[in-house]
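Here the structure comes first, spelled out in structure tokens, and everything after it is commentary.
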Amino acid sequence: MSSLSVYHVSSPDLPNKVLTHFEDIASTLAEKGVRFDRWQAAAKIQPGASQEEVIAAYQVQIDQLMTERGYITVDVISLNSDHPQKAELRAKFLDEHRHAEDEVRFFVAGRGLFTLHIDDYVYAVLCEKNDLISVPAGTAHWFDMGEHPHFVAIRLFNNPEGWVANFTGEDIASRFPRLED
Ligand SMILES: CSCCC(=O)/C(O)=C/O
Ligand SMILES: [Fe+2]
Ligand code: NI
């Protein structure tokens, strides 16, 4: 089940609230400019499936997002716990960073934990299959796929380079809960 846990930066052990209803999650995030939508990921895709297979299965949805929201680049992260570089891949996203563009991720299988740091609050968004999250450019955040990754996410970008991150150098991510798997 998708969820949103909201913490004050000073209390990583105790969330102020935990939301599990889609409308509550979407409206709380919308107040901060974060878009949380639920789409139907109807094609059965297994974590570990190739980028080509995932893009072909979701071409209609990808085209819709590109046309309606102007994204120009797409790629796929598709990982299961057999992946030989899973620890390095996990570590790559675990430190707080920002992007110069919106972070748009459509989960078509499995789950992952996005944690957003906005002013004095931390928003931990557990994303699952069918969730489409759009985090505004410049938002400090990190992502945990867990020790045993099991997810497929389609990533959309509005720059031709794809994924470019600016790390903040802060250690805040190490104090907040990681994905339990
Ligand atoms: C769920 S997609 C992989 C993570 C990623 O692209 C990112 O920028 C995390 O912050
Ligand atoms: Fe990111
Ligand atoms: Ni699964």
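The values are calculated or read from the model by the stated rules, or taken from the named source; none is laboratory data. None of the values given here were measured: they were computed from a predicted structure. Glycine also receives a Cβ, built like all others from the backbone with ideal geometry; neighbour counts cover every protein chain displayed. With ligands, DNA and RNA removed, areas are computed over all heavy atoms of the protein, side chains included. Shrake-Rupley method; radii C 1.70, N 1.55, O 1.52, S 1.80 Å.
Of the residues ARG178, ARG105, ranked by 1.4 Å probe accessible area with the largest first, the sequence reads ARG178, ARG105. At what distance in angstrom do the alpha carbon centres of segment 156-181 and segment 93-111 lie from each other? Taking the Cα centre of each part, segment 156-181 and segment 93-111 sit 7 Å apart. Inter-label distance, MET1 to ASP13: 2.6 nm, where each label sits 7 Å from its Cα along the C-beta direction.
Label sites at GLU147 and GLU180, each approximated as a point 7 angstrom past Cα along Cα to Cβ, lie 1.4 nm apart. Restricting the chymotrypsin sites (Phe, Trp or Tyr not before Pro) of segment 122-181 to loop positions (DSSP other than H, G, I, E, B) with no more than 11 neighbouring Cβ atoms within 10 Å leaves nothing. Each peptide among 170-177, 111-118, 7-14 gets the average number of other Cβ atoms lying within 10 Å of its residues, and from highest to lowest they stand as 111-118, 170-177, 7-14. Solvent-accessible area per residue in segment 1-128 equals 50 Å², computed with a 1.4 angstrom probe and all protein chains kept. Where a Cα-Cα gap under 12 Å defines reach, which aspartates and glutamates qualify for LYS44, not counting those fewer than 8 residues away within the same chain? Filter leaves GLU53. The share of accessible area on the chain that comes from carbon and sulfur is 48 percent, using a 1.4 angstrom probe.
In this structure the amide hydrogen of GLU147, modeled in the peptide plane, comes within under 5 Å of the amide hydrogens of ASP181, none closer than 5 places in sequence on its chain.
Multiplying the residue separation of ALA87 and GLU128 by 0.36 nm and removing their Cα-Cα distance gives an extension gain of 12.7 nm.
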